[in-house]
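Nothing in this text is a laboratory measurement; each read-out follows from the coordinates by a stated rule. Fair warning: this is a prediction, and the values are worked out from it, not measured in the lab. Please note: Cβ atoms are built from the backbone with ideal geometry, for glycine as well, and neighbour counts cover all protein chains shown.
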């Protein structure tokens with residue numbers, strides 16, 4: 001794969017950086033939730049961390065032949081607090097991606113006819129919408145001092161789609177088969 005346009009390549013690098021930070025941040029926050037006696041919220045953080053890895057992996061692979069050292073500016077939520085506060089950070093980060101970042105990146109990729117980047121950005125955008133909602137549900141429970149109720153959590157390794165209950169036969173975002181889902 002070769003990205004033809006500098007703007008799209010910059011957006012891919014920024015998205016890669018942001019997703020990489022989210023991946024690590026969620027793993028750290030999972031440990032805190034575990035320590036606070038909220039294993040399901042910890043599992044949610046770990047599952048969505050895997051989804052963020054899938055997004056970063058997609059962005060990185062689309063860059064493919066683009067080699068070099070780049071300074072990358074990406075927004076990131078910083079800080080460690082109680083689980084309810086960490087969930088607010090997660091919600092804020094996901095909503096930023098859904099409402100601002102990915103819509104702009106997606107439109108730029110479309111405008112520049114960068115099909116692979118468009119696909120990568122679309123996969124992430126659709127999955128982030130689900131992540132924001134799941135984090136809101138977790139925060140509602142954490143505000144009451146309780147762990148969330150969480151059935152099986154499954155993540156599509158291709159696009160980061162995140163669902164609960166039984167994994168679908170086909171991913172609703174990317175069309176991957178059930179075998180591509182990882183359970184948490």
Take region 9-46 and flag every residue that is out of contact with any helix residue (DSSP H, G or I) (no Cβ under 8 Å at 6 or more places or on another chain) and crowded, with 24+ Cβ neighbours inside 10 Å.
-> none
Can you name every residue in region 96-123 that is part of a helix (DSSP H, G or I) and surrounded by fewer than 17 Cβ atoms within 10 Å (Cβ to Cβ)?
-> 99, 100, 103, 104, 107, 110, 111, 115, 119
Tell me, yes or no, whether region 22-29 has at least one residue that is in a helix (DSSP H, G or I), in contact with a strand residue (DSSP E or B) (Cβ under 8 Å, 6 or more places away or on another chain) and touching a residue at least 60 places away in the same chain (Cβ under 8 Å).
-> no
